[in-house]
Ligand code: UTP
């Protein structure tokens with residue numbers, strides 16, 4: 001019987017150059033959408049999908065991330081003393097139990113594939129999830145949960161897939177689709193950041209369910225696009241060795257919070273989704289849109 005997926009890898013060792021100078025001292029994953037750090041959205045999504053072990057691949061300068069997951073007894077006691085019980089409850093939902101989190105270092109930013117490979121000993125011989133916290137997905141049912149449910153019906157490697165305009169394909173790993181069954185597609189290949197002629201309009205985004213053979217592929221991987229060890233190359237190798245890889249068309253809206261434009265869009269969307277902020281923010285947005293129309 002297929003083992004249940006209970007472990008997730010969060011690769012957070014990248015340099016975050018697109019957010020310099022902020023990322024000189026603040027890890028990108030700690031940056032907030034409204035009042036929650038990006039990493040909190042990723043953890044919440046993983047928990048909803050049944051993940052109980054959280055493995056962070058970190059690097060120098062990411063200690064704020066480790067601190068974020070510590071309990072804060074003093075703060076909790078103060079909130080309690082002041083009767084701020086709602087805030088206290090909310091704070092407690094962000095606590096992680098001892099032993100649930102593991103940190104492993106990637107000593108050099110050699111690519112996403114290499115970051116995942118760094119966690120191989122903590123995964124062992126079972127299927128696992130990979131979540132890129134830069135990709136924030138607003139969805140009624142969290143994206144990873146949708147994928148885990150699909151995995152129970154169709155075990156194998158699975159990547160989250162999203163339709164993109166053809167002229168944007170050069171920014172993504174793109175799927176070469178064999179059969180399209182709606183939410184689930186079978187694939188015959190993957191191309192990382194194709195400069196021209198993408199094989200489909202389905203792009204891979206930052207959620208993966210992987211089988212442990214991936215680590216063998218990563219061990220023998222050479223550098224791919226951009227001089228980095230690419231996770232997509234290791235997944236594509238599964239296909240050449242006759243194993244299954246699925247694309248999963250998830251329901252939901254993905255924000256690329258690794259880019260400034262995507263981060264700003266997510267800030268507006270998550271702000272508008274908050275009841276206490278919606279009206280004031282919407283009024284402001286109307287006002288500036290009308291102002292810029294009038295100026296044209
Ligand atoms: P990105 O391609 O967004 O790179 O990585 P980055 O370094 O985070 O950001 P920029 O491009 O310099 O602005 C995608 C994901 O893979 C992780 C990143 O932390 C991010 O979650 N990653 C990337 C690693 O963990 N290690 C690497 O060597 C590269």
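The values are calculated or read from the model by the stated rules, or taken from the named source; none is laboratory data. Every value quoted in this text rests on a predicted model; they were computed, and no experiment measured them. Every residue, glycine among them, receives a Cβ derived from its backbone with ideal geometry; neighbour counts consider all protein chains shown.
Quick notes
- In the range 195-226, the residues that are modelled with pLDDT under 90 and crowded, with 17+ Cβ neighbours inside 10 Å: 221, 224
- Residue match in the range 111-127 (condition: at pLDDT 95 or above, in a strand (DSSP E or B) and at negative phi): no
- Any pair with Cβ under 7 angstrom, 6 or more apart, that starts in the range 7-28 at a residue that is over 26 Å from residue 121 (Cα atoms) and ends at one that is more than 9 Å from the ligand (Cβ to nearest atom) and assigned to a strand (DSSP E or B): none
- A search for C-beta distances below 6 Å between a residue of the range 94-116 that is in contact (Cβ under 8 Å) with a residue 60 or more places away in the chain and any residue that is within 6 Å of the ligand (Cβ to nearest atom) and part of a strand (DSSP E or B), counting only pairs 6+ apart in sequence or on different chains, returns 106/57; 112/11; 115/11; 115/57.
- Selection from the range 44-56 of residues that are surrounded by 15 or more Cβ atoms within 10 Å (Cβ to Cβ) and either over 27 Å from residue 273 (Cα atoms) or free of Cβ contacts under 8 Å to residues at least 24 places away in the same chain (or both): 47, 53, 54, 55, 56
- Matching residues, the range 131-150, being surrounded by 22 or more Cβ atoms within 10 Å (Cβ to Cβ) and more than 12 Å from residue 45 (Cβ to Cβ): 134
- Among the residues making up the range 103-115, those that are surrounded by 21 or more Cβ atoms within 10 Å (Cβ to Cβ) and within 8 Å of the ligand (Cβ to nearest atom) are 106, 111, 112, 114, 115.
- Test: residue in the range 68-83 that is within 23 Å of residue 271 (Cα to Cα) and either more than 12 Å from the ligand (Cβ to nearest atom) or surrounded by 13 or more Cβ atoms within 10 Å (Cβ to Cβ) (or both): yes
- Qualifying residue in the range 14-32 (condition: away from the ligand (no atom under 15 Å from the Cβ), in contact with a strand residue (DSSP E or B) (Cβ under 8 Å, 6 or more places away or on another chain) and at pLDDT 95 or above): no
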